[in-house]
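**Q** Below is one structure. I have some questions about it.
Every read-out reported here was derived from the displayed coordinates using simple, explicitly stated rules and does not represent laboratory data. For clarity, every value in this text was computed on a predicted model and none was experimentally measured. Please note: Cβ atoms are built from the backbone with ideal geometry, for glycine as well, and neighbour counts cover all protein chains shown.
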Amino acid sequence: MVDRVGHQPSAISHQPIMSNARVTDITAVRAFKVALVEFEEEASSTLEMMQMQLHRLVEWVEHEQPAYWTKQIQIGFEKVSQARTALSTCQMRTVAGRRPACIEEKQALAKAKQRLQYCQEMIPRVKRWSVKLTEESDEFRGRTAAFARVVETDLPRMIALIERTAAALERYAEVANTPLEESTPPTSSSEHLKSSSNANDRET
C-alpha cells in the first residue's frame, strides 16, 4: 500500500513496550545512597563538633576569663604590697652610713604595679569580648541553622526516597528479566469433537 505522496509506509514495530524501557544502573543508585549516608554522618559530626567548640569558647570567655582575671587582680594587689614592703625595708637599711639605691626593689615594685594594671584592664576587655562573641555566635547559629535542617531533615528524607527508588528499580528489573512462560495453543472445537468421538467409539 502506498500513501498519497507516494511513500511506502514504515513497518509497525511489534516489540513489547518493556523491551524498550531502559533501567538505570541500580548499583550506581545504591552507591549514591551510601555516599549520601556518609555525607550525612560527616556533616552531623562536623556540626556537633563546631557547636561544642563554640560552647567551650563562650564558656571560657564569659565565665572562666572574668574569674581568672579577678583572681589575678587579687594576686596583683598582694604582689604590689609585698614589693612595696620590700622597698621600704631596703630603704630603711644603711650600708657604711649610706642608704642603698634599692634598684632591684624599685624594679620589682614597678613590675608588680604594671602587672596589676594589666589585670585590671583585662576585666573590661573581656566584657567587650563577651559581647562581641555573643553577637558572632548568634550569627553563626543563624547561618548554620538552615544547613542543620538539611542534614537533620532533608537528607534522611532523600536517603529514604533513594532507597525506595532503588527497591522499585530492583523489582522492575526482576520482572523485566523474567522470561514469559510458553503458552500451549488452544485446541480447536473440531479437534475436540473428533477426540470425543474417538473416545466414544472405543467405549462401544
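**Q** How big is the range 24-175 on each of its three principal axes, counting only the C-alpha atoms and giving the largest first in Å?
**A** Projected onto the principal axes, the Cα atoms of the range 24-175 cover 116, 27, 16 Å.
**Q** Using alpha-carbon positions, what is the distance between the centroids of the range 124-174 and the range 23-50, in Å?
**A** Using only Cα atoms to place each centre, the spacing works out to 13 Å.
**Q** Show which lysines lie in cross-link reach of K127 when reach means a straight Cα distance below 21 angstrom and same-chain residues fewer than eight apart are skipped.
**A** Correct list for K127: K71.
**Q** By per-residue mean of other Cβ atoms within 10 Å, what is the highest-first order of 37-45, 83-91? Can you show the working numbers first?
**A** Values: 37-45: 13.2, 83-91: 14.9.
The most tightly packed comes first, giving 83-91, 37-45.
**Q** Using Cα pairs closer than 8 Å and at least 6 residues apart in sequence, work out the relative contact order for the range 24-175, in percent.
**A** 41 percent
**Q** Still on this structure: Compute the relative contact order of the range 76-139 as a whole-number percentage, counting only Cα pairs closer than 8 Å that sit 6 or more residues apart in sequence.
**A** Relative contact order here is 35 percent.
**Q** Shifting gears a bit: Please work out whether the range 93-170 counts as rounded, prolate or oblate from its C-alpha gyration tensor, where a ≥ b ≥ c are the square roots of the eigenvalues and a/c under 1.5 means rounded, while otherwise a/b larger than b/c means prolate and anything else oblate?
**A** Prolate is the answer for the range 93-170, as a/c is 1.5 or above and a/b outweighs b/c.
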